[in-house]
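The values are calculated or read from the model by the stated rules, or taken from the named source; none is laboratory data. What you see is a predicted model; the values in this text were computed from it and never measured. Backbone-built Cβ (ideal geometry, glycine too); neighbour counts: all protein chains shown.
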Amino acid sequence: MTLQIILNILIAGLWMFLNESYNFLTFFTGYLIGMALLFFLRRFVPDAYYLERAWKILSLIILFIKELILSTWNIVKLAYQPKLDVQPGIFALPTELKSNWEITLLANLISLTPGTLSVSVSEDYTTIYIHAMDMPDVEEEINEIKNSFERAIMEVTR
């Protein structure tokens, strides 16, 4: 991915040099031409096309913002109820993530979402222990995290 970005910037710089016009519009045109060249020659570049990964990173960010808004709304609804009817608890989330970076990212996304907190990671890095403010169904919570954050992280990193 890094090689492709550097190649794209070099193509944009070469385009500016060949046009003898050193402004942003010429650089941007060269950058678009470089993106097209890298797309058509992606078979010869060793990594996946870098804009696909950039799109997946953007999708992960949008997913996090959506989950942040939804969970904040749920916490506000719980806070303004006359009688607090919650079922807090700690549950174990088995994870398929392998690298420390992936596990740390998942734990941080869980902790940054209101109502949940990553408590600990097991010694073999296969389980994350999570405290949830309200979890009527543990399996539903596990499936929700695995189908949203964990799947999106695996799309970005693999």
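As a summary of the residue check, Asn74 satisfies the conditions (1) surrounded by 11 or more Cβ atoms within 10 Å (Cβ to Cβ); (2) outside the structural domain of Glu141 (by TED's automatic domain parsing); (3) of a type outside the set (A, V, I, L, M) except for the one numbered (2). Comparison of Pro82, Pro114 shows that the only residue that is more than 15 Å from the chain's Cα centre (by Cα) and in contact (Cβ under 8 Å) with a residue 40 or more places away in the chain is Pro114.
Of the candidates Leu109, Leu68, the single residue that is more than 30 Å from Leu3 (Cα to Cα), under 15 Å from the mean Cα position of the chain (by Cα) and in a helix (DSSP H, G or I) is Leu68.
Each residue in segment 35-50 was checked for being in contact (Cβ under 8 Å) with a residue 40 or more places away in the chain and part of a loop (DSSP other than H, G, I, E, B), and 5 of them qualify. Cβ-Cβ contacts under 8 Å between residues 6 or more apart (or on different chains), taken from a first residue in segment 127-151 that is outside any helix (DSSP H, G or I) to a second residue that is surrounded by fewer than 16 Cβ atoms within 10 Å (Cβ to Cβ) and among the hydroxyl-bearing types (Ser, Thr, Tyr), are listed as Ile128/Ser120; Ile128/Ser122; Tyr129/Ser120; Tyr129/Ser122. For Asn74, the conditions (1) touching a residue at least 24 places away in the same chain (Cβ under 8 Å); (2) not in a helix (DSSP H, G or I) are fulfilled apart from (2).
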